[in-house]
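Undergrad: What follows is a structure written as structure tokens; I'll ask about it next.
The values are calculated or read from the model by the stated rules, or taken from the named source; none is laboratory data. Every value quoted in this text rests on a predicted model; they were computed, and no experiment measured them. Here Cβ is always computed from backbone atoms with ideal geometry, including for glycine, and neighbour counts include all displayed protein chains.
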Amino acid sequence: MPIRTPPSNFRLESGGPLMPILIGAKPESDFTDPVGMLGDCHRRIVRFLNVLVSLSKENGKPLSEEHRKLLATSLRYFREGAPKHTADEEESLFPRLRRLDVPGLQTVLTTIDSLEQDHECAVRSHVEVDRLGCLWLTNGGLAPEDASRFAILLNQLATLYLHHIGTEDTQVFPFAAAALSSADRRAIGAEMAARRGLSPTIESGIAAAR
Ligand SMILES: [Fe+2]
Ligand SMILES: [Fe+2]
């Protein structure tokens, strides 16, 4: 798996305030389908973001042990996993789209420029969310102003991601899936695997697909 999935105790008890949606219905893509993998990453981003948004409604009060684990897991995902997704896009996918010579490219390139600005904005917010979330875990609670800031940041991130992921899923990724050569797809898959310390030839069957 390219990114660690939530632990088995990720789901909260029935009726709790947080009910992360676990992936199950659709098998995840592998490195032979890097664009599909990027879409899978979006589902993880939404899932972990939803956890943080829900926790922000606790207003910084002391958390149960289960909620502390959810907070720590979600913060770690955005600290360690999500940046790999951004790198997949900015270092592997977008540069190859910029090199294409196909109809409709200019519109996509303009969109990509905007998406990269979103990434910068999201990184700044996540740094602050991580600082406040870690403070919550360390001190067992947040001061009212910090809890309020935590909630504001997460609401802003939810709005940003709603538009950002929607744009990538409905415009950029379908364009990429149709326009990229098989050689580009293999190269992107290999780079994504390397980014996660994996060997694409062994762990995703890319060699067999060549
Ligand atoms: Fe993105
Ligand atoms: Fe994305």
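Undergrad: Please count how many residues of segment 4-52 are closer than 17 Å to residue 82 by Cβ, at pLDDT below 90 and acidic (Asp, Glu). Step through it out loud before you land on a result.
TA: So the first thing to find is which residues in segment 4-52 are closer than 17 Å to residue 82 by Cβ, and the list is 4-6, 10, 20, 23, 28, 34, 37-52.
Imposing the further condition that a residue be at pLDDT below 90 reduces the set to 4-6, 10, 20, 23, 28.
Add one more test, that the residue is acidic (Asp, Glu), and what stays is 28.
Selection size over segment 4-52: 1.
Undergrad: Can you name the condition, by its number, that residue 59 falls short on among (1) within 22 Å of residue 169 (Cα to Cα); (2) surrounded by fewer than 16 Cβ atoms within 10 Å (Cβ to Cβ); (3) away from ligand 2 (no atom under 16 Å from the Cβ); (4) not aliphatic (A, V, I, L, M)?
TA: (1)
Undergrad: Also, quick follow-up: So which residues in segment 74-95 are touching a Phe, Trp or Tyr at 6+ places or on another chain (Cβ under 7 Å) and not hydrophobic (A, V, I, L, M, F, W, C)? Steps first, answer last, please.
TA: Residues of segment 74-95 that are touching a Phe, Trp or Tyr at 6+ places or on another chain (Cβ under 7 Å), as a first pass: 74, 77-78.
Once the filter is applied, which keeps residues that are touching a Phe, Trp or Tyr at 6+ places or on another chain (Cβ under 7 Å) and not hydrophobic (A, V, I, L, M, F, W, C), segment 74-95 yields 74, 77.
Undergrad: Which is more than 14 Å from ligand 2 (Cβ to nearest atom) and closer than 30 Å to residue 55 by Cβ, of 129, 102, 123? Please lay out each step first, then the result.
TA: Numbers: 102 fails: closer than 30 Å to residue 55 by Cβ; 123 fails: more than 14 Å from ligand 2 (Cβ to nearest atom).
Exactly one residue qualifies, and that residue is 129.
Undergrad: Among the residues of segment 48-81, what is the count of those that are more than 16 Å from ligand 1 (Cβ to nearest atom), in a helix (DSSP H, G or I) and either farther than 29 Å from residue 194 by Cα or not hydroxyl-bearing (Ser, Thr, Tyr) (or both)? Full working, then the answer.
TA: Applying the first criterion (more than 16 Å from ligand 1 (Cβ to nearest atom)) to segment 48-81 yields 50-76, 79-80.
Next, only the ones that are in a helix (DSSP H, G or I) stay: 50-56, 65-76, 79-80.
Okay, now just the ones that are also either farther than 29 Å from residue 194 by Cα or not hydroxyl-bearing (Ser, Thr, Tyr) (or both), so 50-56, 65-72, 75-76, 79-80.
Matching residues across segment 48-81 total 19.
Undergrad: Collect the residues in segment 92-115 that are surrounded by 14 or more Cβ atoms within 10 Å (Cβ to Cβ) and either within 20 Å of the chain's Cα centre (by Cα) or among the acidic types (Asp, Glu) (or both), keeping them in residue-number order.
TA: Once the filter is applied, which keeps residues that are surrounded by 14 or more Cβ atoms within 10 Å (Cβ to Cβ) and either within 20 Å of the chain's Cα centre (by Cα) or among the acidic types (Asp, Glu) (or both), segment 92-115 yields 92, 93, 94, 111, 112, 115.
Undergrad: Are there any pairs with C-beta distances below 8 angstrom linking a residue in segment 59-71 that is in contact (Cβ under 8 Å) with a residue 60 or more places away in the chain to a residue that is assigned to a helix (DSSP H, G or I) and β-branched (Val, Ile, Thr), with the two at least 6 apart or on different chains, and if so which?
TA: 70/51; 71/51
Undergrad: Can you find a residue that is within 20 Å of the chain's Cα centre (by Cα) and either within 11 Å of ligand 1 (Cβ to nearest atom) or closer than 17 Å to residue 117 by Cα (or both) anywhere in segment 176-191?
TA: no
Undergrad: Got a sec? Which of 148, 199 is more than 30 Å from residue 69 (Cα to Cα), polar (S, T, N, Q), surrounded by 13 or more Cβ atoms within 10 Å (Cβ to Cβ) and away from ligand 2 (no atom under 16 Å from the Cβ)?
TA: Values: 148 fails: more than 30 Å from residue 69 (Cα to Cα).
After applying the criteria, what remains is 199.
Undergrad: Would you check if there is a residue in segment 88-108 being in contact with a Lys or Arg (Cβ under 8 Å, 6 or more places away or on another chain) and of a type in the set (A, V, I, L, M)?
TA: For segment 88-108, residues in contact with a Lys or Arg (Cβ under 8 Å, 6 or more places away or on another chain) and of a type in the set (A, V, I, L, M): absent.
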